[in-house]
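Taking it in order: structure first as structure tokens, then the write-up.
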Amino acid sequence: MDTKHTDTTAHTVRGACPHDCPDTCALLTTVENGRAIRVQGNPEHALTDGVLCTKVSRYTERTYHPERILTPLRRTGPKGSGRFEPVGWDEALATIAQRLQAIAARDAQAILPYSYAGTMGLVQGESMAARFFHRLGASRLDRTICASAGAEGLTSTLGGKVGMKVQHFDESRLIIIWGSNPIGSNLHFWRIAQEAKRKGARLVCIDPRRSETADKCHEHIALRPGTDAALALALMHELIAHGWLDQDYIDRHTLGWEGLRARALEWPPERAAEVCGVPPEQIRRLACDWGTSRPAAIRLNYGMQRVRGGGNAVRAIACLPALTGAWRHRAGGLLMSSSGHFPVRQGALQRPDLLGERRPRTINMSTIGDDLLRESTATLGPKIEALVVYNSNPVAVAPQSGQVVQGFAREDLFTVVLEHFQTDTADYADFILPATTQLEHWDIHTTYGHTDVLLNRPAIAPVGQARTNTDIFRALAARMGFDDPCFADTDEQLCRMAMGDAQDFEVLLEHGFASLPVPDAPFAQGNFPTPSGKCEFFSQRLADQGLDGLPDHLPNHETPGSDARHPLAMISPPARNFLNSTFVNVQSLRDIETEPVLEIHPIDARARGIAEGVVVEVFNDRGRYRCKARVSERARPGVVNGLGIWWRKMGLNGTNVNELTSQRLTDLGRAPVFYDCLVEVALAEPALA
């Protein structure tokens, strides 16, 4: 592998999956005559074990897609029309640099980068791009759209985004899969959980939706969206009432027990059952399972933190393992994210020192719809005049997308988009710059689902005129006159500096991956990375901010029953064969999903005269969205599931499910509340359907 070869010799190249998934699989790309012909999982990487999801196994279909953008494009029609003409790189870069320089001369904060996890790579993500925007003095982006509420909750309790090792779940006797559908979004964990099940483990799924994962678990707890903290507090109540506690672990390795105990005793199962919409007996049974099973583990994921009280919910759930001493066992505890274990040298990669004495404002990516429509003010700073989008598709994925579209449609907004395809966002660009895919560039990857570092080598030359993100920002830096030596760093040099001496780069070159030296049971003796070194039930840092130092249940912004015109709660989990808005245009995957759908329970469908397959309109005061009805018990009564995220242009009325979501934020982490959303559903008017 990765050996010398001629252009006609079939060979394999080691790489890593770049997508926003906890598995971060090791890849093998087979190349023949300079063309990638197959992408497979690397069998030498224990966690990948030679297996890929359906999406990534078809990665060559994406790289060689007939609609891939292979030359720079300049807009020729109205914004949103999708009309462009080819233009040379020199002309595109010169024009972009000229426009950015003119704006920066007035106030560089009027320029905003917008990016997220189109690639999770440290190099093609925020390395050269961050250097460019720091040197420019542009506004900073608060990257909150996916996980920041949960990250803040986890950090406030455990001290960082840390947890148990995923491979040890196969030894657990009880596995609670909370807010996750790993069959679709964490396949390799699911394989481990299935092995535990074969050994006799009990699997419980907690999710408002009866997901494909819930189908395969011993029990499904279909709570209402946004009530997870209430359930966790009721579990604590029962642990206390029945003495299912490891008092020695609590005394030695936790902080704030008396306060948490008092709060938990306010939440008997009957109270939580009323809030969560589940039988109290189900809560008692789960508490007994958690309190008496050894070892017991929780696989927590980010779906449950996309509500007003998402940060507090994660805090409450993260307290559970310490109460029973589950952390004593390597197969016990909790895993939400492992990313805090990685010794990434962010400062070396991103070079915030290039700002000098400047301290530009920060804009939350989750409120981009509001922010693009703001005028200049003394307190908020200048109006946004330029937007550079990479590794993201905000017109499709940002909340309240109708308002996002209004902002992107501004004729006075100069927009540059680095992309593979003409996405919803690219339709509003002034220039589209063709970017490389993972098969065409260097990168290095950490992960949030295991503790291995992975190196991605380019398997093929860039297709067409595509250029790496790093090369595009190097070229823009040169055009802007930025001659700082750091802009000359190559991609391989950036990969090497990502972890510096903390990771032997030669091992990555030889094998493609390396494991971090993380203890099997990292918190068996406490040693949490919190200020106290303990699991902090009470967070002084939060209290110092005027927040509640203890976790609590916070009702949703939009609580069912609070608005008679919109009586249904809506969540928008990902369609199984898409990943956020990625892969939507891969025909073979779209053929599986067929069309945008809304899952609605038979009771709710019957009350509205809705039958399977009819076109419905889902609406609230923010917008209206049309899709096909799927009458199914995958939805619980009172909750509808708008599976996403389809590109707007592929929707039945040019919208997607984010037409309905709001720009309100979570309790912690300033994150969006995608699953805190009330709607009504009705049959679409036949003439418009």
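The values are calculated or read from the model by the stated rules, or taken from the named source; none is laboratory data. This is a predicted model, so every value here is computed, not measured. We place every Cβ from the backbone using ideal geometry, glycine too, and count neighbours over all the protein chains shown. With ligands, DNA and RNA removed, areas are computed over all heavy atoms of the protein, side chains included. Shrake-Rupley method; radii C 1.70, N 1.55, O 1.52, S 1.80 Å.
If the condition is being among the polar types (S, T, N, Q) and open to solvent by 20 Å² or more (accessible area, probe 1.4 Å), then the range 100-135 contributes Q101, Q109.
Name the residues in the range 239-253 that are of a type outside the set (F, W, Y), open to solvent by 10 Å² or more (accessible area, probe 1.4 Å) and in contact (Cβ under 8 Å) with a residue 40 or more places away in the chain, would you?
Of everything in the range 239-253, those that are of a type outside the set (F, W, Y), open to solvent by 10 Å² or more (accessible area, probe 1.4 Å) and in contact (Cβ under 8 Å) with a residue 40 or more places away in the chain turn out to be H242, L245, D246, D248, R252, H253.
Taking the range 258-271, which residues are crowded, with 19+ Cβ neighbours inside 10 Å and either of a type in the set (D, E) or in contact (Cβ under 8 Å) with a residue 60 or more places away in the chain (or both)? Those that are crowded, with 19+ Cβ neighbours inside 10 Å and either of a type in the set (D, E) or in contact (Cβ under 8 Å) with a residue 60 or more places away in the chain (or both): L260, R263, W267.
Okay, residues lined up against (1) of a type in the set (G, A, S); (2) in contact (Cβ under 8 Å) with a residue 60 or more places away in the chain:
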residue	(1), (2)
P22	no, yes
N33	no, no
A46	yes, yes
K55	no, yes
S81	yes, yes
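Please tell me if R541 is among the charged types (D, E, K, R), within 30 Å of E266 (Cα to Cα) and in a helix (DSSP H, G or I). So R541 fits the description; yes. Quick check on the range 136-147: of everything there that is open to solvent by less than 20 Å² (accessible area, probe 1.4 Å) and not aliphatic (A, V, I, L, M), which residue is farthest from A108 (Cα to Cα)? Checked the range 136-147; the qualifying residue farthest from A108 (Cα to Cα) is T144. Among the residues of the range 57-67, those that are touching a residue at least 24 places away in the same chain (Cβ under 8 Å) and either surrounded by 22 or more Cβ atoms within 10 Å (Cβ to Cβ) or within 24 Å of the chain's Cα centre (by Cα) (or both) comprise R58, Y59, T60, E61, R62, T63.
A single entry from R330, R308, R315 fulfils the requirement of being open to solvent by 10 Å² or more (accessible area, probe 1.4 Å), closer than 25 Å to S662 by Cα and touching a residue at least 12 places away in the same chain (Cβ under 8 Å): R308. Go through the range 415-461 and give me each residue that's more than 22 Å from V389 (Cβ to Cβ) and among the polar types (S, T, N, Q). Within the range 415-461, T446, T447, T451, N456 qualify. When both residues are 6+ apart or on different chains and their Cβ atoms are under 9 Å apart, which pairs have a first residue that lies in the range 180-195 and is within 17 Å of I298 (Cβ to Cβ), and a second that is surrounded by fewer than 22 Cβ atoms within 10 Å (Cβ to Cβ) and of a type in the set (S, T, Y)? Hits for this filter: zero, empty list. Within the range 310-329, the set of residues being of a type in the set (G, A, S) and in contact with a helix residue (DSSP H, G or I) (Cβ under 6 Å, 6 or more places away or on another chain) comprises G310, G311, A313, A316, A318, G325. Restricted to the range 547-565, and to residues there that are out of contact with any helix residue (DSSP H, G or I) (no Cβ under 9 Å at 6 or more places or on another chain) and of a type in the set (G, A, S), the residue that is modelled with the lowest pLDDT is G561. Taking the range 670-689 as the range and being crowded, with 24+ Cβ neighbours inside 10 Å and small (G, A, S) as the test, only A671 passes. Note on the range 266-324: among residues that are in contact with a Lys or Arg (Cβ under 6 Å, 6 or more places away or on another chain) and of a type in the set (G, A, S), the one that is nearest to E152 (Cα to Cα) is G277. Just one of the numbered conditions (1) among the small types (G, A, S); (2) within 30 Å of G159 (Cα to Cα); (3) assigned to a strand (DSSP E or B) is not true of G526: (3).
Taking residues in the range 519-534 that are open to solvent by 60 Å² or more (accessible area, probe 1.4 Å), and partners anywhere that are among the polar types (S, T, N, Q), the pairs with Cβ atoms closer than 6 Å and at least 6 places apart or on different chains are K534/T254. Look at (1) more than 18 Å from the chain's Cα centre (by Cα); (2) outside any strand (DSSP E or B); (3) within 24 Å of T213 (Cα to Cα) and you find that N312 fails only one, number (3).
Listed here are the residues, each with its yes/no results for (1) open to solvent by 20 Å² or more (accessible area, probe 1.4 Å); (2) modelled with pLDDT under 95; (3) in contact with a helix residue (DSSP H, G or I) (Cβ under 7 Å, 6 or more places away or on another chain); (4) over 18 Å from T451 (Cβ atoms).
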residue: G150; (1), (2), (3), (4): no, no, yes, yes
residue: G153; (1), (2), (3), (4): no, no, yes, yes
residue: L158; (1), (2), (3), (4): no, no, yes, no
residue: V162; (1), (2), (3), (4): no, no, yes, no
residue: K165; (1), (2), (3), (4): yes, no, no, no
residue: D170; (1), (2), (3), (4): yes, no, yes, no
residue: R173; (1), (2), (3), (4): yes, no, no, yes
residue: G179; (1), (2), (3), (4): no, no, yes, yes
residue: S185; (1), (2), (3), (4): yes, yes, no, yes
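Within 25 Å of the chain's Cα centre (by Cα) and under 30 Å from A46 (Cα atoms): is that true of D452 in this structure? Judged against the criteria, D452 is a match. Scanning the range 274-302 for residues that are touching a Pro at 6+ places or on another chain (Cβ under 6 Å) and open to solvent by 10 Å² or more (accessible area, probe 1.4 Å) yields P280, R284.
Condition check for A524 on (1) closer than 30 Å to Y249 by Cα; (2) touching a His at 6+ places or on another chain (Cβ under 6 Å): one failure, at (2). For the range 566-587, does any single residue satisfy the condition of being modelled with pLDDT under 95, surrounded by fewer than 21 Cβ atoms within 10 Å (Cβ to Cβ), within 24 Å of the chain's Cα centre (by Cα) and closer than 24 Å to G277 by Cα? The answer is yes; a qualifying residue exists. The lone criterion from (1) farther than 16 Å from N641 by Cβ; (2) outside any loop (DSSP other than H, G, I, E, B); (3) over 23 Å from the mean Cα position of the chain (by Cα); (4) aliphatic (A, V, I, L, M) left unmet by I592 is number (3). Among the residues of the range 500-516, is any more than 26 Å from V166 (Cα to Cα) and part of a helix (DSSP H, G or I)? No, the range 500-516 contains no residue that is more than 26 Å from V166 (Cα to Cα) and part of a helix (DSSP H, G or I).
The residue that is farthest from D471 (Cα to Cα), among those in the range 84-99 that are out of contact with any helix residue (DSSP H, G or I) (no Cβ under 9 Å at 6 or more places or on another chain) and open to solvent by 50 Å² or more (accessible area, probe 1.4 Å), is E85.
Out of curiosity, is S515 hydroxyl-bearing (S, T, Y) and open to solvent by less than 50 Å² (accessible area, probe 1.4 Å)? When the stated conditions are applied, S515 does not pass them. Just one of the listed residues (Q438, Q400) is within 23 Å of the chain's Cα centre (by Cα) and on the phi > 0 side of the Ramachandran plot, namely Q400.
Reported count of residues in the range 194-219, each being under 25 Å from L568 (Cα atoms), open to solvent by 30 Å² or more (accessible area, probe 1.4 Å) and touching a helix residue (DSSP H, G or I) at 6+ places or on another chain (Cβ under 6 Å), is 1.
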